[in-house]
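Each remark here refers to the structure printed beneath this line.
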Amino acid sequence: MKTISFFDTKPYDKEYFEEIIQEYPYEIIFHEEKLNARTAILAKESEAVVAFVNDTVDQKTIDQLISQGVGLIALRCAGYNNVDVKAAYGKIHVARVPAYSPYAVAEHAMAMLQTLNRKLHRAYNRIREYNFSLNGLTGFDLHGKTIGVVGTGKIGQIFIDICKGFGMRVLASDPYPVSGADYEYVEVDQLLREADIISLHCPLTNSSHHMIDEEAIGKMKKGVYIINTSRGALIDSEALLEGIKKGQIGGAALDVYEEEAEFFYEDYSNTIIQDDVLARLVSMPNVLITSHQAFLTKEALRNIAATTMENIDQYFKGEKLTNEVCYRCEKDPSTCHKKTGKPCF
Ligand code: NAD
């Protein structure tokens, strides 16, 4: 029986994958370790591995997996910035789950904005200590405010619909605008200058890395709110911290953080956190951080398990990998074998 090594396993992953594996003639071996060059050896008897957002799928890990005969890296997430797709090309297939519930992430982004704006995180703690004072809890109406949405793909579009429901003016930026959109596309600079709230919904690439840096923050309205449910390294965290300290940024809601791989998804409540930027951000009343949980709904977990297993099944059957990610597809899609109904190489 073909086996699959599953890395960075959490109880909620196991619950949904154990249910769906019953439908397939394969076995899953669950590992709690994150996948990296050192832990790749755990997959020595497997033909495929399942990896997640904070696994380190660099050249060394890829070479190690290939030397053990692993032929597929099945990501159980949409983003693949943690995979060296160039190193993988031609040697090991990579597949992802392009969409599992864009609603989960868009709804979480709005939940974070609402919590931060109406100070629900602070109100909750106060009431638990029978402090019924409202001092310092003043928010603002979202109605009539301008929201700048960077990235109008699946999640960005749903987030825009939600914002429109609140009566907000939407400014959007995307190199590939949606045709016939009922909101305004503008250059990034205009979005930065005019938005009261900026929400990031684009992927992390070489060109989007630190798109929110000191210079970008300097162009924003004083008191702007920033929401990031996309990828941590879209924001230069030190510049963000400085912007908050100076009052240029009025609040930040972060589901992702550029150095999150070391901390997120784990319990460090008995430890002294060594990341001073993270510790300082956590301590601020106008910063709300969640631990990369925007995706975490029942619907999303069910869809992630279903699509990941479909990807693995296609690979084991030698069929076209519908959700394959490959270097050649990105460089020149016209030359990729996927067009002819085969795996990319
Ligand atoms: P998508 O591919 O449907 O849309 C991304 C959009 O961003 C595309 O329209 C693309 O043209 C645009 N884009 C690319 N570079 C850009 C740039 N520099 N400026 C502006 N727009 C740019 O992706 P999606 O499903 O909407 O997901 C968006 C991101 O959300 C993913 O890349 C992932 O990083 C993140 N995500 C986070 C979670 C979470 O749990 N926090 C879960 C899923 C996805």
### Message
Between helix 11-21 and the chain, what is the angle of the helix's C-alpha long axis to the longest principal axis, kept within 0 to 90° and rounded to the nearest 10?
### Response
40 degrees
### Query
Among the trypsin sites (Lys or Arg not before Pro) within segment 56-151, which fall in a DSSP loop and have no more than 13 other Cβ atoms within 10 Å of their own Cβ?
LYS91
## Note on the structure
Note: TYR130 to THR205 extended length (0.36 nm per residue) minus current alpha-carbon separation gives 22.3 nm
### Query
Ranked from highest to lowest mean number of other Cβ atoms within 10 Å per residue, what is the order of the peptides 243-256, 207-220?
243-256, 207-220
### Query
What are the radius of gyration and Dmax of the chain, computed over its Cα atoms and given in Å?
21.3, 66
### Task
Sort out for me the Cα centre separation of segment 267-345 from segment 123-198, rounded to whole Å.
24 Å
### Message
With a 1.4 Å probe and all protein chains left in place, how much of the accessible area of segment 161-253 comes from carbon and sulfur atoms, in whole percent?
### Response
49 percent
### Query
What is the pair-distance distribution P(r) of segment 250-330, computed from all Cα-Cα distances in 10 Å bins starting at 0, with each bin given as a whole percent?
14, 30, 25, 21, 10, 1
### Task
May I have the convex hull volume per residue, in Å³, for the Cα set of segment 1-141?
162 Å³
### Message
Which GluC sites (Glu not before Pro) in segment 178-207 sit in a loop by DSSP (not H, G, I, E or B) and have at most 14 other Cβ atoms within 10 Å of their own Cβ?
### Response
GLU187
### Query
Per-residue HN-Hα couplings for segment 205-211, Karplus 6.51 cos²θ - 1.76 cosθ + 1.60 at θ = phi - 60°, whole Hz, x for Gly and Pro?
9, 4, 7, 9, 4, 6, 4
### Summary
Interchain or sequence-distant (5+) residues whose placed amide H lies within less than 5 Å of the amide H of HIS210 are LEU234, ILE235
### Query
Quick one: accessible area per residue over segment 226-279, 1.4 Å probe, rounded to a whole number of Å²?
43 Å²
#### Entry: Per residue accessible area of segment 1-150, 1.4 Å probe, in Å²
48 Å²
#### Entry: For the chain, calculated [θ]222 nm from helices alone, where every DSSP H run of n ≥ 4 adds -39500 (n - 2.57)
-10000 deg cm²/dmol
### Task
Quick one: which residues, 5 or more positions from ILE249 or on another chain, have an amide H under 5 Å from its amide H? H modelled 1.01 Å from N in the peptide plane, none for Pro or chain starts.
GLY223, ILE244
### Query
So how do HIS337, HIS31 rank on accessible area, 1.4 Å probe, biggest first, that is with the largest at the start?
HIS337, HIS31
### ³J(HN,Hα) computed for each position of segment 164-171 - Karplus, 6.51 cos²θ - 1.76 cosθ + 1.60, integer Hz, glycine/proline x
5, x, 7, x, 8, 8, 10, 10
### Message
Suppose we look only past 31 Å in the calculated P(r) of segment 105-289. What percent of the Cα-Cα pairs does that tail hold?
### Response
15 percent
### Task
Among the aspartates and glutamates, select those whose C-alpha is under 19 Å from the C-alpha of LYS2, and discard any that sit fewer than 8 residues away in the same chain.
GLU18, GLU19, GLU23, GLU27, GLU45, GLU47, GLU310, ASP313, GLU319
### Query
Put +1 on the Cβ of each Lys and Arg and -1 on the Cβ of each Asp and Glu in the chain; which of HIS201, ASN303, LEU75 then has its Cα farthest toward the positive end of the dipole?
HIS201
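The values are calculated or read from the model by the stated rules, or taken from the named source; none is laboratory data. Note that the structure is predicted; figures quoted are calculated from it, not measured. Note that each Cβ is placed from the backbone with ideal geometry, even for glycine, and that neighbours are counted across all protein chains shown. SASA here: full protein model, heavy atoms, side chains in, ligands and nucleic acids out. Shrake-Rupley method; radii C 1.70, N 1.55, O 1.52, S 1.80 Å.
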